[in-house]
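Notes follow once the structure below has been shown.
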Amino acid sequence: MSERLRPLLVVDAANVVGSVPDGWWRDRRGAAERLRDRLAARADGDCTDGEDGEDGEDGEEIVLVVEGAARGVTSVPGVRVVDAPGSGDDRIVELVAAEGRGRPCTVVTADRGLRERVAALGARAAGPRSVR
């Protein structure tokens with residue numbers, strides 16, 4: 001009996017928030033919370049494989065990685081928030097290596113170096129617009 005794993009979506013909060021010059025630098029934590037809430041709204045209506053699962057079980061698992069001044073943002077239903085104690089990129093690579101194997105995995109970032117690192121682990125990359 002093998003259980004099908006949900007697709008994993010890992011979002012580089014600093015990179016996505018920083019992709020829009022809307023004053024995010026004045027309140028990095030608040031900007032990360034707004035992104036988390038947008039992702040949670042996406043999770044509410046998400047069903048990626050066309051099947052209607054109870055409680056959205058067929059949708060993607062969303063992980064938001066925060067670093068620096070945005071650390072401490074809490075998780076909400078539909079979005080798990082992970083603090084990066086150091087480099088957000090390193091934490092994302094660790095997550096993809098630990099949790100992305102054996103299931104579809106997408107990392108949202110515009111960072112070329114990070115895109116190359118996660119591609120080496122079998123993940124695909126998407127740009128920040130994919131979650132805005």
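The values are calculated or read from the model by the stated rules, or taken from the named source; none is laboratory data. All of these numbers come straight from a predicted model, not from anything done at the bench. Heads up, the Cβs are rebuilt from the backbone with ideal geometry, glycines too, and the neighbour counts pull from every protein chain shown. In case anyone asks, the SASA skips ligands and DNA or RNA and just uses the protein heavy atoms, side chains included. Shrake-Rupley method; radii C 1.70, N 1.55, O 1.52, S 1.80 Å.
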Förster-model FRET efficiency, 30 Å R0, Ala41 and Glu94, C-beta, rounded to 0.05: 0.65
Solvent-accessible area per residue for segment 54-130 (1.4 angstrom probe, square angstrom): 50 Å²
First compute the accessible area of the chain with a 1.4 Å probe, then give the percent of it belonging to carbon and sulfur atoms. 46 percent
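Extension gain Leu121-Arg80, at 0.36 nm per residue separation less the Cα-Cα distance, in nm? It would help to have the intermediate numbers written out before the result.
Values: separation 41, 0.36 × 41 = 14.76 nm, distance 2.12 nm.
Contour length minus Cα-Cα distance gives 12.6 nm.
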Between Pro21, Pro77, Pro85, find the one with the highest GNM mean-square fluctuation for the chain; connect C-alpha pairs within less than 10 Å. Pro21
Out of the DSSP beta bridges found with both residues in the chain, what percent are antiparallel (nearest 5)? 5 percent
